[in-house]
Amino acid sequence: MKRMNLLATTAAAILLAGCSGGNAPPEQYGANPQLPTPQRGLLPNMTIAKPAAWGDRLPTVPQGYAVKAIATDLRIPRQTLVLPNGDILVAEGRGGNAPKLKPKDVIASYIKAKGTSPIKGGNRLTLLRDANGDGTYELKTVFADHLNAPYGLALVGDTLYVADQDALVKFHYTVGQTHVDGEPVKVTDLPSVINHHWTKALAASTDGRYLYVGIGSNSNITERGMTAEVDRARIWQVDPRTGMHRAYATGLRNPTALAIQPGTGALWAVVNERDEIGPGLVPDYLTSVRAGGFYGWPYSYWGRHVDARAQPQDPQKVASAIVPDYSLGSHVAALGVAFSLPAMGAKFADGVFVGEHGSWNRAHPVGYKVVFVPFRDGHPAGDPIDFVTGFRGKDGLTRGRPVGVSVDPRGALIVADDLSNTIWRVTPVKPAAAANPPESMPAPREAPPAAPATAPAAATPRAPGVPQA
Amino acid sequence: MAAIAERTRVALFPVNAVLVAGATSLFIGALLSDIAYFRSYQIQWNNFSSWLLAGGLVITALAFLWSIVELFRARWRTWPAWAYSVLLLATWIVGFIDALVHAKDAWAIMPASLVLSVIVVALACLSLAFAWAGLRAGAAR
């Protein structure tokens, strides 16, 4: 595999040598990322993760925080949901049934599979419980089984909604329950033909009146034809009482996680953008989602930058394309988003956590970490700060790949890792009381770019190498 | 007369001719599919041309290897035989680059795929001509 990577990257490097921007592009954070010219050599840039076991290593967290694996040996954990009593639900599965259309698909799927877990997806929800609040989740039990690649989770009152790869279903939920009663009830079918991007993200409006479902495109950039893209690359607003839906926003290539902003009730999403036009294109983004908005895919990216690969073009659509709020960087593969709370500590109180699965379409890997995007007055303000790193070590080995993130109101970040099949829990060492001014931690005011050189000795005996991306 | 007739049979590249004729028809198919995609934007033509090209490359590789084997045999070591091998190699190399271009997504293959497919077809036809030219070269001697 290493030889193959080397071959691919070397060949790509040679083929790209004549072009500008073959080197590491600048960091692309915030509202106005620098966008290089689209480019692609004869071979795409590829660096596939080389999986390795954690052993006694742990991810790296900022000083004043501790990290712990609260569940292992799961079957492809993706998204998590913290229930009112502190129990954690984990959606496990692997979806998609895209046929291999071209010789390229046969080769690429083989290569990319090297960077993921070989375990079969669970198609289930697992419940984790820490009954006495000591941080050890002693109960791990199957909460619901025989689902179809469940991903998005939302609880509205006593109804638990689960977004399978082909349908939105619901269960009745009573606090304290450790197993569902009965079969899931279908709310509505979801677009599932081909399912190139199969994950169905889910969020419920603050009042519970509507559900929002993120539906990814059926291709990178329409290479499966435009007919495959009907009802794709968009966010649906679903009325759970009737199952009726409308397209809430469109042109979002792969909205992999949704979250409702506390206070404003606004819908936010992280979106994975298109590949194969260079290491610096196109930035994955975090954005508030405007009702009725069109975000470019497939005709354009980052507003009105036309993507000539999508033909025939639609200039009117391009003219209407909205520029997203905040660039997370190209190819980071953001798969999780969660709003923070004061209980997470002063420095990380206002903003969102973003789980970044990590790149493949790039010689210099990016992502493979959980970052914190600080907010001010309800909008992103400042560069992302590393919050959980060490998933990809300096040794070039990848021990984990973050997916979904959830904030436990008691002051913890829950991170699903679908490579090591682990759930990580990151907590402030001295929990900051939410009501008091959080002075429990000597947090530096002038936020330095997260220097998690050493993790607290008590909780993390050995800190692995920190990749400074 | 008998000598000439025998020499005729010897000078012809029969297996090669069959192989390279097959490959040529696949390359022509790929070119036609590229043209259809260029005119219609229908992605299926893009898929078709990718596979036709891949098939053509497999057969061209076989024909090339066969031609190399034949070069080891003294009576095949004529300039048309050498030219034939070189042309097959050129066909394969340009065809392989064309296949890499076809591995790009959607319209990203245009217009390079179209141009390369024309060159591949031209080279394949030329190889085919040399496979048969073996006949004339042998007979002339």
Where a residue in the range A:25-42 is over 26 Å from B:Ala108 (Cα atoms) and in a loop (DSSP other than H, G, I, E, B) and its partner, wherever it lies, is at pLDDT 90 or above and aromatic (Phe, Trp, Tyr), with Cβ under 8 Å and at least six apart: A:Tyr29/A:Tyr326; A:Ala31/A:Tyr326
Residue in the range A:316-328 that is part of a loop (DSSP other than H, G, I, E, B), without any contact (Cβ under 8 Å) to a residue 12 or more places away in the chain and of a type in the set (D, E, K, R) present: no
Scan of the range A:135-163 for residues that are touching a residue at least 40 places away in the same chain (Cβ under 8 Å) and outside any strand (DSSP E or B), ordered by number: A:Gly135, A:Thr136, A:Tyr137, A:Leu147, A:Asn148, A:Ala149, A:Pro150, A:Tyr151, A:Gly157
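Please go through the range A:101-118 and give me each residue that is of a type outside the set (Ser, Thr, Tyr) and assigned to a loop (DSSP other than H, G, I, E, B), ordered by number.
A:Leu101, A:Lys102, A:Lys114, A:Gly115, A:Pro118
Table: residues versus (1) at pLDDT 95 or above; (2) over 24 Å from A:Gly265 (Cβ atoms).
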| residue | (1), (2) |
| --- | --- |
| A:Lys140 | yes, yes |
| A:Gly157 | yes, no |
| A:Leu160 | yes, no |
| A:Val169 | yes, yes |
| A:Thr178 | yes, yes |
| A:Asp181 | no, yes |
| A:Val187 | yes, no |
| A:Ser205 | yes, no |
| A:Gly208 | yes, no |
Residue, farthest from A:Tyr285 (Cα to Cα), within the range A:301-313, restricted to residues that are part of a loop (DSSP other than H, G, I, E, B), within 14 Å of chain B (Cβ to nearest Cβ) and not basic (Lys, Arg): A:Pro312
Within the range B:14-102, helices (runs of 4 or more DSSP H) holding 1 or more residues that are more than 14 Å from every other protein chain (Cβ to nearest Cβ) and acidic (Asp, Glu): B:43-71
Hits in the range A:271-300 - residues which are more than 17 Å from A:Asn218 (Cα to Cα), part of a strand (DSSP E or B) and either within 14 Å of chain B (Cβ to nearest Cβ) or among the polar types (S, T, N, Q) (or both): A:Thr287, A:Ser288
Residues of the range A:36-60 satisfying the condition of being within 14 Å of chain B (Cβ to nearest Cβ) and of a type in the set (A, V, I, L, M, F, W, C): A:Leu42, A:Leu43, A:Met46
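The values are calculated or read from the model by the stated rules, or taken from the named source; none is laboratory data. Quick caveat, the model's predicted, so the values are computed rather than measured. For neighbour counting, all protein chains shown are included, and Cβ atoms are generated from backbone atoms with ideal geometry for every residue, glycine included.
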